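The values are calculated or read from the model by the stated rules, or taken from the named source; none is laboratory data. In this text the structure is predicted, and so the values were computed from the model without any measurement. For neighbour counting, all protein chains shown are included, and Cβ atoms are generated from backbone atoms with ideal geometry for every residue, glycine included. Surface areas here come from the heavy atoms of the whole protein model, side chains and all, with no ligands, DNA or RNA. Shrake-Rupley method; radii C 1.70, N 1.55, O 1.52, S 1.80 Å.
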Amino acid sequence: MKKRTPFPKVFWIANSIEVLERFSYYGIYMGFGIYMNYLGYTKAQLGIVQTIFLLFSYLTPVISGTLADKYGFKKVLIVSYLAYLPSILLLIITESFSGIALTMLSIGLAAGIFKPLISGTVRVTTDGTNKTLGFGIFYAMVNVGASFGPVIMGRLRVISWNYAFMAAAISIGVMLLITILLYKEPERQIEGVTLGQKLKEIGVVLSDFKFLVFLIILGLFFWIPLWAFFNLLAMYVDRLNTAQLYLDVKSIFGSGVANFISQPDENGVRKLLGESISHTGYVIMIFQIFVSRIAEKFKAIPTFSFGLLIAAVGFFVLGYANVASSTWVFLGIFLFAVGEMVSSPRIQEYITWLAPKEKAGLYMGTNFLAIGIGAFSGVIYTPLYGYFLDMGHPEYVWYTLAVHSILGMLVVFIFIKSAGEFKEMVE
């Protein structure tokens with residue numbers, strides 16, 4: 001067996017930057033619904049902001065990745081920070097809807113510029129001997145930042161929302177210093193592909209009608225429910241019996257942890273902060289390897305559909321938590337996270353199978369379009385949640401998402417069956 005190549009210093013620097021960026025990004029994003037509710041905005045207005053934010057976060061990388069190929073990772077990283085830092089600081093001084101929408105657009109744009117740069121650094125600083133481990137470390141760092149961001153900023157927003165935004169800004173400032181002082185541009189072959197060429201290549205891929213249909217299905221039935229989970233859960237949990245959730249956490253992790261992610265109400269009863277548990281990062285960090293080892297033994301397409309089923313059960317349990325005991329929310333989050341861990345990695349295998357072998361990489365690069373479709377979850381499910389909340393039945397949105405995911409299983413089955421040459425993959 002060939003000896004594994006040691007990771008260069010820039011690999012570890014890049015992963016440290018990734019932790020800080022995900023800390024800021026998810027620290028702001030996960031609690032933003034609670035913040036806009038605090039300001040008195042409607043769920044429809046929140047949904048518009050969420051959609052704008054996610055669209056720019058996930059469509060911008062096609063441009064920034066091309067710029068990084070031309071000008072280098074380090075320069076484009078610095079550009080992203082110079083967009084990030086003032087945008088976050090603007091959240092401290094703007095409370096108008098138009099101001100918030102434009103500010104979150106700017107933060108989404110900055111995040112989109114940043115997004116492909118660290119994964120690109122990991123790609124060019126690893127080889128056949130260490131690439132799997134390298135990306136495993138990278139995804140672990142993503143989840144570390146995404147887990148601690150909502151916890152720390154949730155704690156700070158109890159004191160003042162401005163403190164939470166300042167913490168995010170400080171994190172970006174530290175990233176800027178690390179990049180200027182320690183990040184060394186990794187050696188690589190410049191592809192020399194212009195933005196015009198890249199857009200032309202995307203057009204070629206989208207002329208494949210079968211693949212275009214697949215991307216639309218993926219966006220409608222995987223990414224829309226997934227983003228709905230993240231858009232809604234912190235708001236939903238924050239209005240449950242969070243005093244019970246506090247006791248649940250205290251019974252397992254002790255009063256130190258429970259007190260840190262909770263606050264006392266006017267009667268001195270401690271209640272859990274919704275955003276502190278309303279994500280999947282901490283579940284994925286613990287169970288990803290175990291789940292992946294099991295899932296990889298089965299065919300990709302049935303496994304993907306099974307992941308949708310598990311996520312659907314998770315949605316149902318989340319709704320049930322509102323009519324039974326709020327403790328059920330922990331099981332709902334866990335099941336959704338397992339569904340995400342089972343389904344998400346198989347998307348790349350789907351694309352590989354659907355793409356002509358000589359164009360697999362080109363087809364792989366268009367997955368961002370499906371994620372972009374998913375961004376419209378904000379203008380679909382966030383207002384719907386507001387409607388059900390006004391009815392007194394916020395749990396109905398989770399039941400709707402469960403049906404949505406199960407419908408996705410059916411649509412995927414029909415699509416595969418209609419693509420005759422792929423039938424053997426499900427047999």
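Below is a table of values for the structure above.
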quantity: Candidate residues LYS43, LYS3: accessible-area rank, largest first, probe 1.4 Å; calculated: LYS3, LYS43
quantity: Cα shape, the stretch 2-59, gyration tensor, a/c 1.5 rule; calculated: prolate
quantity: ³J(HN,Hα) computed for each position of the stretch 397-411 - Karplus, 6.51 cos²θ - 1.76 cosθ + 1.60, integer Hz, glycine/proline x; calculated: 5, 6, 5, 5, 5, 4, 5, 4, 5, 5, 4, x, 4, 5, 5
quantity: With DNA, RNA and ligands ignored, accessible area of ARG155 (1.4 Å probe; Å², nearest 10); calculated: 80
quantity: The chain: relative contact order as a whole-number percent, Cα under 8 Å and 6+ apart; calculated: 23
quantity: Per-residue HN-Hα couplings for the stretch 76-86 [Karplus 6.51, -1.76, 1.60; θ = phi - 60°; Hz; x = Gly/Pro]; calculated: 6, 4, 5, 4, 5, 5, 5, 8, 5, 4, x
quantity: GluC sites (Glu not before Pro) restricted to DSSP loop in the stretch 109-213 with at most 13 other C-beta within 10 Å; calculated: GLU187, GLU191
quantity: Ranked order, LEU90, LEU318 - accessible area, probe 1.4 Å, largest first; calculated: LEU90, LEU318
quantity: Rounded, prolate or oblate (a/c below 1.5 giving rounded, otherwise prolate when a/b exceeds b/c) for the stretch 1-144 by Cα gyration tensor; calculated: prolate
quantity: Protein accessible area in the stretch 252-335, 1.4 Å probe - carbon and sulfur %; calculated: 69
quantity: Order of exposure, largest accessible area first, which applies to VAL313, VAL237, VAL403 with probe 1.4 Å; calculated: VAL403, VAL313, VAL237
quantity: Carbon plus sulfur fraction of accessible area for the stretch 12-124, probe 1.4 Å, in percent; calculated: 70
quantity: Rounded to the nearest 10 Å², the accessible area of ILE289 at probe 1.4 Å; calculated: 120
quantity: Within a Gaussian network of the chain (alpha carbon springs, distance under 10 Å), most fluctuating of LEU54, LEU247, LEU308; calculated: LEU247
quantity: MET391 accessible area, assembled protein chains, probe 1.4 Å, Å²; calculated: 90
quantity: Cut-off under 5 Å, modelled amide H: who pairs with LYS271 long-range; calculated: GLN263, ASP265
quantity: C-alpha center-to-center spacing [the stretch 75-142, the stretch 1-44] in angstrom; calculated: 8
quantity: Percent carbon-and-sulfur accessible area, the stretch 125-178, ignoring ligands, DNA and RNA, probe 1.4 Å; calculated: 74
quantity: Calculated from backbone phi, Karplus (6.51, -1.76, 1.60) coupling profile of the stretch 46-62 in Hz, x at Gly/Pro; calculated: 4, x, 4, 5, 4, 5, 4, 4, 5, 4, 5, 5, 10, 9, 5, x, 5
quantity: Surface accessible to a 1.4 Å probe, per residue, for the residues of the chain, Å²; calculated: 44
